[in-house]
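A.B. asks: Below you will find the structure I want to go over with you.
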Amino acid sequence: MEISGEEGALLRLVDAGYRYPSAEAPQLAGVSLSLRPGELVLLTGPTGCGKSTLLRLAAGLLSGEGGGQATGGMWLGDAPLEALGPAERARRVAFVGQEPHDQLLTATVGDELCFGPASVGAPPAAQRALIAPALTAAGLPQDAARPVVALSGGQVQRLITAAAAAAGAPLLLLDEPLAHLDPAGARALCADLRRRAEAGAAVLIVEHRLEAALPVADRVLTMVGGRLLREDRGIGPGHAVLEVWRGLGLSLPVELQLADRLGLPIEGLDAALCGAAGLPSRPEGGAEGAAHRAWDLGPQRHTHPGGGGVDLSGLRLGPGARVALLGGNGAGKSTLIGLLSGRLGPARRAGPRALEVPQDPDLSLFCPTVAEELAYGARARGAPPDPAVLAAAEALSVTALLEAAPHALSRGQRLRVAVAAALCAGPALLLLDEPTSGQDEAQVEALMAALARAAAGRPPGDPLGDGPLAVVFATHDIGVALRHADRWLVLDRGRLVYDGPPADGLAALPAALPLPPLLARCRRLGLPARAALALLEAAREGGAAQLDPLRSPEGRLPAGALAAETPPVGSRGASPARDDETDPPLSRAGGLDPRARVVLVLTAGVAALCLERPAALAALTLACAAPLASAPRPLRALGQAALLVAFLVWSTMLSQGLFYGDEPRSALFVLPVVEAPVWREGLRWGAAQALRFAAMTLAGLSLSLHTPAAALQRGLVGLGCPPALALLVATALRALPTLRDELVAVRAAQRSRGGRLARHPRAALQTLLPVVARSARRAWTLAESLRARGFDPDQPRVEREPLRLDARDALVLAACALVAGGLLAARGLYLLYTAEIWAHPATLPLLDLVRRWL
Amino acid sequence: MHARLRPAPGVRALLLPVPDQPAGAWTAGLTTTEGVYALPFEVPADSPALTLSLSAPVGQPPATVYPGDEIAVSLLDGAPAPVALTVSPRRAGPLVVSRDGAPLWSGEAAAGAPVLVQWTLQDDDQVEVTLGGLSTALRLRAQPLPRAQAQAAVAVRALHLPADPRGAPRPGRSPDRLHLPAPWWRAALGALGLGTAARDPWAPFAYAGVEVHNSGPHDLQLSVSLRVEDGGGQPAPAFRPRLRGGEAETGAVRALLRVPAGGAAVAALPIYLDEGALPEGEGALLQQAVVELRALGGPALLHSARRPFALARGSTWASAGLALALGAGAAGALLIALRLRAWLRLPTGTLMTIALFSSLSLIVSAGARLFATGLASLLGPLSVLVSGLVDDVLRVTLLATLLMLCPRRGVAALHALVGWLLGGVVLGDFSPTDVILVGGRALWLELGAALSGLSAGPAWTQGGRLSRWLRLSLGLGLAQLGASAAGVALHTTLYRLFMADWYVILVLAGPGFLYVALAAALSLPFAEALRRVQR
């Protein structure tokens, strides 16, 4: 294949190849391509063809990490790739991976943007200057202190893209950036990338969702089996590549595919739709279990603490129903699913047994093998596991994977396993939250088809339970909702605005809800959605007699057809962050320098070690708890602190007073009885131990509550900790709330599938399994993000806001040094005295002071 | 006047009586082996002609009495008690001491020469002392005290062991425990010129402070005795007092104590130790301290108290353990200092995995710690055997999984280091002793991982299940054993804990090793399920 435009190319690969360490054959071979400034190139191909490997190879992420073997020549600009250090590479190429949230390295928007420049040594002034333009270019609010957890999915993707390019790299490589975005978010991101290309960058996107990416690409590369198959430009209906893509199983843009099939230009689809409006479409409304009574689920109401929620006066569902929950961002779809599953709101006493497959199915996979995963729910309901496992595996096409470890499977396979595991638990109502997210079209179709079969009915004695299964799924994908649901529930700001057949629901959809292009045409033309369905059916199955009229340019357009609407650039949002989960911005206003804070905690530790009297330790505990008064929820924080201290003191006093009695031996494992003798010295010692532990814990909690991870990281570096080590600590610190939430989610999933939770180490390991698996994946993504942004453990970072000690910080540090040094000296002298090693008469007054007060 | 005294070992001060002199300026000459000292002093012009001091009963330290004083003397069951009056005249002259008009002593008194008069008190006595024309009178009031009343009134409120020479609890010392340091330690202190304890075998090894309370209406003069018995109830040979105030047969030491009515007093009783008479071996010796209260001048026992205590002898094993712990800690700290930069150059994916696993370990161990604290109130020191099944097993499982995912040198140590820093900033778990504890832990982990091949690369992760389990058990078990032993050694030294040998063995064998093997077994399927985690 010819390499076009090598002159001035920002990326040049000549006969490049790569083999992974454990692979027999190379993943890539003989790849040659170049990218010039101003180009936006789309790289597509079937799953596993090497697209992601090519991207990572070009970004320099595969050298030195995986141990694989790279071949061929690779240049970034005029420099060979292997000659570039991390900083120089970050200045030349920006890489963005698949999971946007897992690539976040910091807690605020400003810090995220400046991470790369700080790693490559950009001066602080330059870092501060890049923030505003970067936010504007990315279409993000001008708020550098905004916590990243408060951003929607699309905003995070745009932020990550901006952050990756912030070091000034003119070459952007993005790996499936649209995977988790809704159509509007995808279009917004593509528009952003187009703007960057027009501003002089070279952009290479790997994507198999061509709907949004194809229109903005200058040329498209198709890859198969580790090699570049062809390069195409100006792809429209009738282009030869379309047939190639069909053969490779790629999902073509609907309008392009339709126009190609009809032999029309894209513009001719309006008339074709008008013509198709008169064609019969498939019967609507699946049997909602006409032979079964519908479930009256009653009112569904829930209000979130931060506002928003759901308020439905009543809801009826029929067994066998396939219901799509639709609505814009924040409409309440996930909340309604939570209510129906019992995760939210009061426990439902009546109604069908409902089971939820969460948006992230990984957290519901906690068994070592797929077979055990499926059997878990069957055993919990007392059903023989083997038949249920086989039935569910067959229904979801995972029979071949029964002996595999769930977390070793692909994303689509994991989702099917999660659904199969849910089916094995024998629910009557299956709830899925965004099952299409991150799936390609083939995977989505396979899953929805399996659900349709399950919803069709389970005969008596079926291993998966009796009676038809009702399926409710929340989705942003209107196309999926159109094809696979026989009833729509459309929510808008927590209220039900439509409940009925899909085809008539188009008009009820909120204007802000992004529609696929074909449906957007229908709405613009004032046509019902069935027109699009009919046209698609005709294009798929129809003969010439059906298609010819549609191809006619005399197809009628309705009078007063609306002008084309530009869909609002909205995006699907992540769940709104809870207030107590957001990191406070890194602000010095009213706060101590992070180094001073860490030193305070160190001093508390020294004091706790040196003090022995319970009264002194109690005073220290109070001092360490004082900062909690300015925590986000002070009463709650102080109350929890008081409970913690009380529990520690009580249990430690009890254990020391009862079990270390007058006999100087240890032992006595009998349970305490009312008249048990109590060792007073043990009570005192136990109280001291407990207060010591409580003081240190409260000091640490005060520090972590009031100090963002980024500040702590810089504080540690300022105290002499190696930057890379401080980064590890900050990364671990930032992960704590996420891990905690994931553990809770896993337990909830176990509870919903298994009823009573087991309490033994094996059950605890089951809870840990999915969380650890997620952590392992997250670690790889984080590592890629770090390396892509120039992280070098040997190079110090240049911080955007260098730490400066003011007078108060210096005073605190001096006081801490004095207190800690004095306590250590006094304790040391006292130790020498009590151990009969050494005592100077001049120190006797000090020793007496220590004995009396400390 | 000359006085010659041989000071007792360890005595820092001598009280030398200076004879009463007429008013004026005087100089006392003190001649010692170190030289001659002149000590000037003055006798005021208005000093009384004579000074009276009374020991009632005899044995009670003499107390100065003044003209017109009425002194109550308790007589147990009304039995007579000897009393002694010392008259110190400041001028010469005829001296007569009479009781109820009958002369007890008469003669010519020399200035400054004290006169001792003794008699037996049975009932109230009016005592008159006449020197020349000067007469001084005082009254002794006999108070019969029934024995039962005395027994009911007196009690040992507290027994402080060890105590200082004043009878107060010895600061910084564990109660009911005497420590005899290891011979090597004492030799080292001696060689360095350090050490503050008297090692003269003739000096008391320790003191016991006996606090006696008198709830009756009369003052009580008591004899307080202390003896040490061994496990068989016999006087412990090693604790027999030497010469001073000791009774050879019973091995007891005595002290005289006056306890005021409704008040309390503390007697400090010396405890002597003859190391040569100690039984062979190491470890603790359980003894019984027996305190008996008797009325002064009589054999009747008023009250007794027993207190078990232990003599902890310096253990070679404990010393070796402490040395090993300190050495391992220092070596580990050095290892971290030398190798940290190289470890931080591990692949970024490995570093991120370490960070996230440290985060998970913190969540697991924080919860387990609270659980263990609550459990300790039910099971005491044996709670660690139960809580370890949760805490240790989960932590080791995570560590084993980490090593299976990232089998490289430095991973385990870095995990320990990040875990420590994270625990410090989140839970305030920072302490000066961490240098030793964390350093030691890092060293043991790297050593265990290296010796068992866990950090030599991924080859071992492909082996059979048994071979992987053995490597994990041995490698991590060795590390856990070393770290646990170091922790035990350090905590017993820092906090002066005492742990029975069987308890130490149980803790090291259980949570220290066997639980690791269990965790390794549980971690294998866990890690296998994760080994091919797909992105």
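A.B. asks: How about the stretch B:465-478: which of its residues are over 8 Å from B:V516 (Cβ atoms) and of a type in the set (G, A, S)?
C.D. replies: B:S467, B:G475
A.B. asks: What about B:A79, is it open to solvent by less than 60 Å² (accessible area, probe 1.4 Å), part of a loop (DSSP other than H, G, I, E, B) and either outside the structural domain of B:L302 (by TED's automatic domain parsing) or not acidic (D, E) (or both)?
C.D. replies: Numbers: open to solvent by less than 60 Å² (accessible area, probe 1.4 Å): yes; part of a loop (DSSP other than H, G, I, E, B): yes; either outside the structural domain of B:L302 (by TED's automatic domain parsing) or not acidic (D, E) (or both): yes.
Here the answer is yes, as B:A79 does meet what is asked.
A.B. asks: Scan the stretch A:28-50 residue by residue and report those that are within 14 Å of chain B (Cβ to nearest Cβ) and out of contact with any His (no Cβ under 8 Å at 6 or more places or on another chain).
C.D. replies: Of the stretch A:28-50, the ones within 14 Å of chain B (Cβ to nearest Cβ) are A:47-48.
Passing the criteria: only A:G48.
A.B. asks: May I pose another question? Given the condition at pLDDT below 85 and either open to solvent by 30 Å² or more (accessible area, probe 1.4 Å) or part of a strand (DSSP E or B) (or both), answer yes or no: does some residue in the stretch A:88-99 qualify? Steps first, answer last, please.
C.D. replies: From the stretch A:88-99, those at pLDDT below 85 are A:98-99; that's our starting set.
Those still in the list that are either open to solvent by 30 Å² or more (accessible area, probe 1.4 Å) or part of a strand (DSSP E or B) (or both) too: A:98-99.
Yes, that holds for at least one residue.
A.B. asks: Within the stretch A:457-470, can one find any residue that is crowded, with 20+ Cβ neighbours inside 10 Å, away from chain B (no Cβ under 14 Å) and closer than 28 Å to A:L515 by Cα?
C.D. replies: Restricting attention to the stretch A:457-470, the residues satisfying the condition of being crowded, with 20+ Cβ neighbours inside 10 Å are A:458, A:464-465, A:468-470.
So of that shortlist, the ones also away from chain B (no Cβ under 14 Å) come out as A:458, A:464-465, A:468-470.
Going one step further and asking which of them are closer than 28 Å to A:L515 by Cα, we end up with A:470.
Yes, that holds for at least one residue.
A.B. asks: Only one of B:V488, B:V438, B:V418 is within 21 Å of A:A695 (Cβ to Cβ) and within 14 Å of another protein chain (Cβ to nearest Cβ). Can you tell me which?
C.D. replies: B:V438
Okay, residues lined up against (1) among the polar types (S, T, N, Q); (2) closer than 16 Å to A:V746 by Cβ:
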site: A:S341; (1), (2): yes, yes
site: A:L344; (1), (2): no, no
site: A:P361; (1), (2): no, yes
site: A:E373; (1), (2): no, yes
site: A:Y376; (1), (2): no, yes
site: A:A380; (1), (2): no, yes
site: A:D386; (1), (2): no, no
site: A:A392; (1), (2): no, no
site: A:S397; (1), (2): yes, no
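A.B. asks: Can you tell me which residue in the stretch B:287-314 is farthest from the chain's Cα centre (by Cα), limited to those that are at pLDDT below 80 and in a strand (DSSP E or B)? It would help to see each step written out before you state the result.
C.D. replies: So in the stretch B:287-314, the residues at pLDDT below 80 come out as B:296-300, B:312-314.
Now narrow it down to the ones that are in a strand (DSSP E or B): B:312-313.
On the way: B:A312: 10, B:R313: 13 Å.
Among those residues, the one meeting the criterion is B:R313.
Quick grid of which residues meet (1) at pLDDT below 95; (2) assigned to a loop (DSSP other than H, G, I, E, B); (3) open to solvent by less than 40 Å² (accessible area, probe 1.4 Å); (4) among the aromatic types (F, W, Y):
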residue	(1), (2), (3), (4)
A:A9	yes, yes, yes, no
A:V14	yes, no, no, no
A:G17	yes, no, yes, no
A:S32	yes, no, yes, no
A:T47	yes, yes, no, no
A:R56	yes, no, yes, no
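A.B. asks: May I ask you to verify whether A:L705 is in contact (Cβ under 8 Å) with a residue 12 or more places away in the chain, open to solvent by 10 Å² or more (accessible area, probe 1.4 Å) and outside the structural domain of A:L374 (by TED's automatic domain parsing)? Give the derivation first.
C.D. replies: Working: in contact (Cβ under 8 Å) with a residue 12 or more places away in the chain: yes; open to solvent by 10 Å² or more (accessible area, probe 1.4 Å): yes; outside the structural domain of A:L374 (by TED's automatic domain parsing): yes.
Here the answer is yes, as A:L705 does meet what is asked.
A.B. asks: Residues to consider are B:W469, B:W502; find the one that is of a type in the set (F, W, Y), surrounded by fewer than 23 Cβ atoms within 10 Å (Cβ to Cβ) and within 11 Å of chain A (Cβ to nearest Cβ). Break it down stepwise before answering.
C.D. replies: Working: B:W469 fails: within 11 Å of chain A (Cβ to nearest Cβ).
The match here is B:W502.
A.B. asks: Of all residues in the stretch A:788-816, how many are surrounded by fewer than 16 Cβ atoms within 10 Å (Cβ to Cβ) and in contact (Cβ under 8 Å) with a residue 60 or more places away in the chain? Step through it out loud before you land on a result.
C.D. replies: Of the stretch A:788-816, the ones surrounded by fewer than 16 Cβ atoms within 10 Å (Cβ to Cβ) are A:794, A:796, A:802, A:804-808, A:810-811, A:814-815.
Subset that is in contact (Cβ under 8 Å) with a residue 60 or more places away in the chain: A:796, A:802, A:804-806, A:808.
Within the stretch A:788-816, residues that are surrounded by fewer than 16 Cβ atoms within 10 Å (Cβ to Cβ) and in contact (Cβ under 8 Å) with a residue 60 or more places away in the chain number 6.
A.B. asks: Right, next: Within the group A:W780, A:W838, which residue is within 7 Å of another protein chain (Cβ to nearest Cβ) and over 50 Å from the mean Cα position of the chain (by Cα)? Let's see the steps before the verdict.
C.D. replies: Numbers: A:W780 fails: over 50 Å from the mean Cα position of the chain (by Cα).
Just one listed residue meets the conditions, A:W838.
A.B. asks: Ok, one more. Can you work out which of the residues in the stretch B:82-94 that are within 44 Å of the chain's Cα centre (by Cα) and either open to solvent by less than 50 Å² (accessible area, probe 1.4 Å) or among the hydroxyl-bearing types (S, T, Y) (or both) is farthest from B:S223 (Cα to Cα)?
C.D. replies: Step one: list which residues in the stretch B:82-94 are within 44 Å of the chain's Cα centre (by Cα), which gives B:82-88.
If we keep only those that are either open to solvent by less than 50 Å² (accessible area, probe 1.4 Å) or among the hydroxyl-bearing types (S, T, Y) (or both) as well, we get B:83-88.
Values: B:V83: 16, B:A84: 17, B:L85: 20, B:T86: 22, B:V87: 26, B:S88: 28 Å.
Among those that are within 44 Å of the chain's Cα centre (by Cα) and either open to solvent by less than 50 Å² (accessible area, probe 1.4 Å) or among the hydroxyl-bearing types (S, T, Y) (or both), it is B:S88.
A.B. asks: Taking the stretch A:801-838 only, how many residues are assigned to a helix (DSSP H, G or I), among the charged types (D, E, K, R) and modelled with pLDDT under 90? Reasoning before the result, please.
C.D. replies: Restricting attention to the stretch A:801-838, the residues satisfying the condition of being assigned to a helix (DSSP H, G or I) are A:807-834.
In the following step, the residues that additionally are among the charged types (D, E, K, R) were identified as A:808-809, A:827.
Add one more test, that the residue is modelled with pLDDT under 90, and what stays is A:827.
The total comes to 1.
A.B. asks: Looking at A:V497, A:V398, which one is crowded, with 18+ Cβ neighbours inside 10 Å and over 24 Å from the mean Cα position of the chain (by Cα)?
C.D. replies: On the way: A:V497 fails: crowded, with 18+ Cβ neighbours inside 10 Å.
Unique residue meeting the criteria: A:V398.
A.B. asks: If you don't mind, another one. Name the single residue that is most open to solvent (accessible area, probe 1.4 Å) among those in the stretch A:725-757 being more than 24 Å from the chain's Cα centre (by Cα) and either in contact (Cβ under 8 Å) with a residue 60 or more places away in the chain or more than 8 Å from chain B (Cβ to nearest Cβ) (or both).
C.D. replies: Within the stretch A:725-757, the first condition is being more than 24 Å from the chain's Cα centre (by Cα), and the residues that meet it are A:725, A:754-757.
Checking which are either in contact (Cβ under 8 Å) with a residue 60 or more places away in the chain or more than 8 Å from chain B (Cβ to nearest Cβ) (or both) leaves us with A:754-757.
Numbers: A:G754: 18, A:G755: 41, A:R756: 214, A:L757: 30 Å².
Once the filter is applied, the top-ranked residue is A:R756.
A.B. asks: Restricted to the stretch A:643-673, and to residues that are modelled with pLDDT of 80 or more and surrounded by 13 or more Cβ atoms within 10 Å (Cβ to Cβ), which residue is farthest from the other protein chains (Cβ to nearest Cβ)? Steps first, answer last, please.
C.D. replies: First pass over the stretch A:643-673, keeping only residues modelled with pLDDT of 80 or more: A:643-652.
The next check asks that each one be surrounded by 13 or more Cβ atoms within 10 Å (Cβ to Cβ); those that pass are A:644-645, A:647-652.
Values: A:L644: 8, A:V645: 12, A:F647: 7, A:L648: 6, A:V649: 10, A:W650: 7, A:S651: 4, A:T652: 6 Å.
For the stretch A:643-673, the residue satisfying everything is A:V645.
A.B. asks: Cβ-Cβ distance below 6 Å, separation of 6 or more or different chains: which pairs start in the stretch A:761-782 with a residue that is at positive phi and end on one that is open to solvent by 10 Å² or more (accessible area, probe 1.4 Å) and assigned to a helix (DSSP H, G or I)?
C.D. replies: No pair meets every condition.
A.B. asks: Quick one: in the stretch B:199-235, which of the residues that are at pLDDT 85 or above and among the small types (G, A, S) is surrounded by the fewest Cβ atoms within 10 Å (Cβ to Cβ)?
C.D. replies: Top of the filtered list is B:S215.
A.B. asks: Oh, and also: So which of A:G247, A:G234 is surrounded by fewer than 18 Cβ atoms within 10 Å (Cβ to Cβ) and in a loop (DSSP other than H, G, I, E, B)? Can you show your working first?
C.D. replies: On the way: A:G247 fails: in a loop (DSSP other than H, G, I, E, B).
Just a single option satisfies the conditions, and that option is A:G234.
A.B. asks: Here's a follow-up. Exactly one condition in (1) farther than 24 Å from A:E784 by Cβ; (2) surrounded by fewer than 21 Cβ atoms within 10 Å (Cβ to Cβ); (3) at pLDDT below 90 is not met by A:G153; state its number.
C.D. replies: It is condition (1) that A:G153 fails.
A.B. asks: Please state which of the following conditions B:L427 fails to meet, knowing it meets all the rest: (1) open to solvent by 10 Å² or more (accessible area, probe 1.4 Å); (2) more than 9 Å from chain A (Cβ to nearest Cβ); (3) touching a residue at least 40 places away in the same chain (Cβ under 8 Å); (4) more than 18 Å from A:L765 (Cβ to Cβ).
C.D. replies: The number of the failed condition is (2).
A.B. asks: Being surrounded by fewer than 22 Cβ atoms within 10 Å (Cβ to Cβ), touching a helix residue (DSSP H, G or I) at 6+ places or on another chain (Cβ under 7 Å) and touching a residue at least 24 places away in the same chain (Cβ under 8 Å) is the filter here, so list the residues in the stretch A:410-432 that pass it. If you could, list the steps in order and put the result at the bottom.
C.D. replies: First, pick out the residues of the stretch A:410-432 that are surrounded by fewer than 22 Cβ atoms within 10 Å (Cβ to Cβ): A:410-413, A:428.
Narrowing the set further to residues that are touching a helix residue (DSSP H, G or I) at 6+ places or on another chain (Cβ under 7 Å) leaves A:412-413.
Of everything in the stretch A:410-432, just one residue is surrounded by fewer than 22 Cβ atoms within 10 Å (Cβ to Cβ), touching a helix residue (DSSP H, G or I) at 6+ places or on another chain (Cβ under 7 Å) and touching a residue at least 24 places away in the same chain (Cβ under 8 Å), namely A:G412.
A.B. asks: Please specify each residue of the stretch B:345-368 satisfying the condition of being facing another protein chain (nearest Cβ under 7 Å), open to solvent by less than 10 Å² (accessible area, probe 1.4 Å) and either aliphatic (A, V, I, L, M) or farther than 20 Å from B:V533 by Cα (or both).
C.D. replies: Selection gives B:L351, B:M352, B:I354, B:A355, B:L356, B:L360.
A.B. asks: Further question: Among (1) open to solvent by less than 50 Å² (accessible area, probe 1.4 Å); (2) not assigned by TED's automatic domain parsing to the domain that holds A:L527, there is one condition A:L262 misses while meeting the rest; what is its number?
C.D. replies: (2)
A.B. asks: In addition: For the stretch B:369-400, how many residues meet the condition of being under 14 Å from A:A764 (Cβ atoms), out of contact with any Lys or Arg (no Cβ under 8 Å at 6 or more places or on another chain) and more than 9 Å from every other protein chain (Cβ to nearest Cβ)? Before you say what the answer is, go through the steps one by one.
C.D. replies: So in the stretch B:369-400, the residues under 14 Å from A:A764 (Cβ atoms) come out as B:371, B:387-398.
Right, trim to out of contact with any Lys or Arg (no Cβ under 8 Å at 6 or more places or on another chain) and you get B:371, B:387-390, B:392-398.
Then keep just the ones that are more than 9 Å from every other protein chain (Cβ to nearest Cβ); that gives B:371, B:387-388, B:392, B:395-396.
So the count comes out to 6.
The values are calculated or read from the model by the stated rules, or taken from the named source; none is laboratory data. Owing to the predicted nature of the structure, the values given are computational and were not obtained by experimental measurement. Cβ coordinates were reconstructed from backbone atoms using ideal geometry, including for glycine residues, and neighbour counts include every protein chain displayed. Side chains included, ligands, DNA and RNA excluded: accessible areas come from the protein's heavy atoms. Shrake-Rupley method; radii C 1.70, N 1.55, O 1.52, S 1.80 Å.
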